[in-house]
Amino acid sequence: ADSRRGYRLLAGGADTVTTPSRTTKTRVREHGAAGDAVRVVPESIDVGVVEDAPVDDRFDAVYSRRLDRHANVETFLLALAEIRRRDWTAAVIGDGPERERVEAAARDLRIADRVAFLGDLPVEDRVSIFKGTHVFAQTASWETFATELLWALACGCVGLVEYQADSSAHELVEGRTRGRLVTSPAELADELVAVNELDRRAVDPDFDSYDHAATLDRYVDLYRELAGE
């Protein structure tokens, strides 16, 4: 919501600009930053929390995010309604101004008895649910970095991501066997069924590189490069 002039001054005046994703990097360059001055350093997670958390296996599919105007939970709910004849349980984690409307949508679709709205949960509780859930659905229309998706992928979830022009979430699943991109509720429904052939996991070490310590090292290396060390 800030002025384009303010962004341009910031983007052009810094020796280096860090962004959490390639999508955001493109936006920063559009505001005038030199290409080689913009570096991608992703958000991070605590891999130790992932390894130590118990497994809560109540659900087959989960959505987790603040329920604001960008949440777009409806895509998830519509996909679930498409496969209502199949055996599944789902959860929506998060709170916000759109929660009441989203819960009403679940009732209108007649799936409210199979979707648990859990509200805000501490990260340890969310991780436990992710570790026991097979699929994480990422459908938000705006994300500079999909941190909840990253947590879920590190917990072994299969990531189903609806492509959105203003979201970087697709970057976390591109080229991964345990990730899929979709463009509609119908495609999401199809993939919810198709990924049943993939095994359930409670941890995925491929995402250890996103640990807090590893990300801190990337920042330190960047500062040293700027200082000419």
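Tabulated values for the structure
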{"item": "Gap separating the Cα centres of the range 7-39 and the range 194-213, nearest whole Å", "result": "30 Å"}
{"item": "Amide proton proximity set for Val17, modelled H, under 5 Å, gap of 5+", "result": "Val38, Arg39"}
{"item": "Per-residue [θ]222 nm for the chain (sum of -39500 (n - 2.57) over DSSP H runs n ≥ 4, rounded to 500)", "result": "-11500 deg cm²/dmol"}
{"item": "Residue-normalised accessible area of the range 1-132, expressed per residue, 1.4 Å probe, Å²", "result": "55 Å²"}
{"item": "Tilt relative to the chain, helix 73-82 - C-alpha long axis, 0 to 90 degrees, to 10", "result": "30 degrees"}
{"item": "Pairwise centroid distance, computed over Cα atoms, of the range 64-93 with the range 126-143, Å", "result": "11 Å"}
{"item": "Rounded to the nearest 20 debye, dipole of the range 65-194 from Cβ charges on Lys, Arg, Asp, Glu", "result": "380 debye"}
{"item": "From the C-alpha gyration tensor of the range 166-218, square roots of 5λ in Å", "result": "26, 16, 7"}
{"item": "Student exercise, the chain dipole from Lys, Arg, Asp, Glu Cβ charges, in Debye to nearest 20", "result": "720 debye"}
{"item": "The range 1-102 - Rg and Dmax from Cα coordinates, angstrom", "result": "19.7, 57"}
{"item": "Sulfur and carbon atoms: percent of accessible area, the chain [1.4 Å]", "result": "46 percent"}
{"item": "Cα-based shape type of the range 139-229, given that a ≥ b ≥ c are square roots of the gyration tensor eigenvalues and the cut on a/c is 1.5", "result": "oblate"}
{"item": "Degrees, to the nearest 10: 99-108 long Cα axis against longest axis of the chain", "result": "40 degrees"}
{"item": "Charge dipole of the range 1-102 about the Cα centre (unit charges at C-beta), most positive-ward option of Val50, Thr24, Ala91", "result": "Thr24"}
{"item": "Probe 1.4 Å, protein heavy atoms only - accessible area per residue of the range 178-220 in square angstrom", "result": "57 Å²"}
{"item": "Rounded to 10°, Cα long-axis angle of helix 123-132 versus longest principal axis of the chain", "result": "60 degrees"}
{"item": "Whole-angstrom Cα spans of the range 63-146 along principal axes, big to small", "result": "33, 28, 19"}
{"item": "Charge dipole of the chain about the Cα centre (unit charges at C-beta), most positive-ward option of Gly159, Val182, Val203", "result": "Val182"}
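The values are calculated or read from the model by the stated rules, or taken from the named source; none is laboratory data. Just so we're clear, the structure is a prediction, and the values are computed from it rather than from any experiment. Note: ideal-geometry Cβ built from the backbone for every residue, glycine included; neighbour counts use all protein chains shown. In case anyone asks, the SASA skips ligands and DNA or RNA and just uses the protein heavy atoms, side chains included. Shrake-Rupley method; radii C 1.70, N 1.55, O 1.52, S 1.80 Å.
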